[in-house]
1. Does any residue in segment 115-133 that is in contact (Cβ under 8 Å) with a residue 40 or more places away in the chain come within less than 8 Å, Cβ to Cβ, of a residue that is in a helix (DSSP H, G or I) and open to solvent by 80 Å² or more (accessible area, probe 1.4 Å) six or more places away or on a different chain, and which pairs are these?
2. Name the pairs whose Cβ atoms lie under 7 Å apart, with the first residue in segment 59-79 and touching a residue at least 12 places away in the same chain (Cβ under 8 Å) and open to solvent by less than 20 Å² (accessible area, probe 1.4 Å), the second aliphatic (A, V, I, L, M) and assigned to a loop (DSSP other than H, G, I, E, B), and 6 or more positions between them or separate chains?
3. Starting from residues that are in a helix (DSSP H, G or I) and hydrophobic (A, V, I, L, M, F, W, C), keep the ones in segment 149-166 and report whichever is farthest from Arg185 (Cα to Cα).
4. Phe181: touching a Pro at 6+ places or on another chain (Cβ under 9 Å) and either within 22 Å of Val123 (Cβ to Cβ) or modelled with pLDDT of 55 or more (or both), yes or no?
5. Might you let me know whether segment 22-40 holds any residue that is at pLDDT below 95 and open to solvent by less than 40 Å² (accessible area, probe 1.4 Å)?
6. Inspect segment 161-172 for any residue being modelled with pLDDT of 90 or more and under 30 Å from Asn102 (Cβ atoms) and give the result as yes or no.
7. Given (1) at pLDDT below 95; (2) open to solvent by 20 Å² or more (accessible area, probe 1.4 Å); (3) part of a helix (DSSP H, G or I); (4) closer than 29 Å to Lys36 by Cα, identify the lone condition not met by Leu136.
Amino acid sequence: VGLVKIALHNAQVELDPRFQLTKRSILEMGAEFSIKTGDIAAFERYIAQLEVFYYDHKHGLADSKVMYPLVGLNLLRLLSENLIADFHTTLERIDLAQLQSNPYIVHPVKLEQALMEGSYKKVWQARAEVPTPEYLFFMDILMATIRNEVASCAEKSYSSLPFDDAKSVLFFTSMDELLRFAQERRWAVSPSEKRITFPSAAENTRMFQGETIMKQTLAYARELERIV
């Protein structure tokens, strides 16, 4: 607000690189703070304003040190919201050399490739390879989406899952996480049998036989969606 007032009272200040540098820095701090507070809408607004500095009119400024970390975070946001067209539009605005070598950009690019392949294991592994801890915010959102998709496929295809297989295929690191997730989805849990039973068990009596079958089921489900 203060910057707007200054610009309104003195139009020439907009041409001053020092003013533009201050403006960019404030927007970048706002974007970083919005991630720390989990405010996705605010992050999106800050990025929209920063794109002018990053891609359109750089006002004679050198590239910011936090430009690519923020651009990479925005790419992750687009993936987590399944905005694939916007993801590729953003990639088109990034220098080819950065696409191929900048770790902040390479990470979401590889992540998108894994998603397109349906290789959720690679997506999970990418969580341990984030170039900065801030990436974990959107990675966790993305993994939550993947878990729900896998869970929906499992409910439609199998009557039950052993605890260990369910924990593995849903990418949980602890049994407590699995049991909380099962409660959220209202699955029946049998501690004595160490098995989760789905609500649709009466319609399908096949038992889960490991991660390979689950991958086949997911691929088949996606193929059906494309046909429809």
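1. These pairs meet every condition: Gly118/Lys215.
2. Val71/Ile94
3. First, pick out the residues of segment 149-166 that are in a helix (DSSP H, G or I): 149-157, 163-166.
Now restrict to residues that are hydrophobic (A, V, I, L, M, F, W, C): 150-151, 153-154, 163, 166.
Numbers: Val150: 12, Ala151: 9, Cys153: 13, Ala154: 12, Phe163: 15, Ala166: 13 Å.
That would be Phe163.
4. No; evaluated as a whole, the condition is false for this residue.
5. There is at least one residue in segment 22-40 that is at pLDDT below 95 and open to solvent by less than 40 Å² (accessible area, probe 1.4 Å).
6. Taking every residue of segment 161-172 in turn, at least one turns out to be modelled with pLDDT of 90 or more and under 30 Å from Asn102 (Cβ atoms).
7. All conditions pass for Leu136, except number (1).
The values are calculated or read from the model by the stated rules, or taken from the named source; none is laboratory data. The shown structure was predicted, so the numbers you read here are calculated from the model rather than taken from an experiment. Positions of Cβ are generated from backbone atoms using ideal geometry, with glycine treated the same way; all protein chains shown enter the neighbour counts. For accessibility, only protein heavy atoms count, side chains too; no ligands or nucleic acids. Shrake-Rupley method; radii C 1.70, N 1.55, O 1.52, S 1.80 Å.
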